[in-house]
């Protein structure tokens with residue numbers, strides 16, 4: 001029989017345990033247990049709570065889609081692989097990038113994939129009142145480099161540049 005006390009404490013403590021060996025005799029003995037922290041009887045690794053519920057949708061409303069997890073990492077992997085692809089058209093097909101896309105009543109047709117290398121080497125800080133700015137070159141440890149990915153579509157009149165996130169959203173829209 002376990003007798004646990006459930007108050008918060010931060011010290012080692014003993015528990016009485018009854019042991020039944022199945023041959024019609026039993027015995028009691030005490031042995032120490034290390035503290036597992038307030039409110040914990042057993043050591044467990046830290047686990048995040050599990051969210052399993054689906055939020056209720058308003059009646060007649062459209063289903064809300066959650067943003068795609070790690071989309072920035074997927075985009076980075078796309079950029080790294082696309083720039084070295086020997087067959088960019090096949091790569092786009094493999095990545096399921098649509099060559100033609102419906103956006104509302106408009107048909108978009110993919111013309112180009114743009115990948116820009118950006119390096120921030122300076123910063124602007126507005127002065128009080130916002131009318132003027134202070135410019136400072138960034139020290140090397142604050143310089144940031146990134147790539148920007150754009151899918152350029154033609155809508156029949158103009159060019160439309162879509163980010164990777166905008167393209168994924170457009171693919172999921174009816």
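Bear in mind these aren't lab numbers, they're just calculated from the coordinates by the rules spelled out. Bear in mind that the values here come from a model prediction, so they are computed numbers and not experimental data. A quick note on method: Cβ atoms are made from the backbone with ideal geometry, for glycine too, and the neighbour counts reach across all protein chains shown.
Checking residue 123 against (1) in contact (Cβ under 8 Å) with a residue 12 or more places away in the chain; (2) over 28 Å from residue 82 (Cα atoms); (3) not in a strand (DSSP E or B), which test does it fail?
Of the numbered conditions (1) in contact (Cβ under 8 Å) with a residue 12 or more places away in the chain; (2) over 28 Å from residue 82 (Cα atoms); (3) not in a strand (DSSP E or B), the odd one out for residue 123 is (3).
Given the conditions (1) over 26 Å from the mean Cα position of the chain (by Cα); (2) under 27 Å from residue 171 (Cα atoms); (3) assigned to a loop (DSSP other than H, G, I, E, B), report the number of the one that residue 129 does not fulfil.
So residue 129 meets the others, but not (2).
Please go through (1) closer than 18 Å to residue 169 by Cα; (2) more than 24 Å from the chain's Cα centre (by Cα); (3) part of a helix (DSSP H, G or I) for residue 113 and return the number of the only condition it doesn't satisfy.
Residue 113 satisfies every listed condition except (3).
Please determine whether any residue of segment 64-73 is assigned to a helix (DSSP H, G or I), surrounded by 10 or more Cβ atoms within 10 Å (Cβ to Cβ) and touching a helix residue (DSSP H, G or I) at 6+ places or on another chain (Cβ under 8 Å).
yes
Check 160, 168 and return the single one that is touching a residue at least 24 places away in the same chain (Cβ under 8 Å), assigned to a helix (DSSP H, G or I) and closer than 25 Å to residue 75 by Cα.
On the way: 160 fails: assigned to a helix (DSSP H, G or I).
Checking each option against the conditions leaves just 168.
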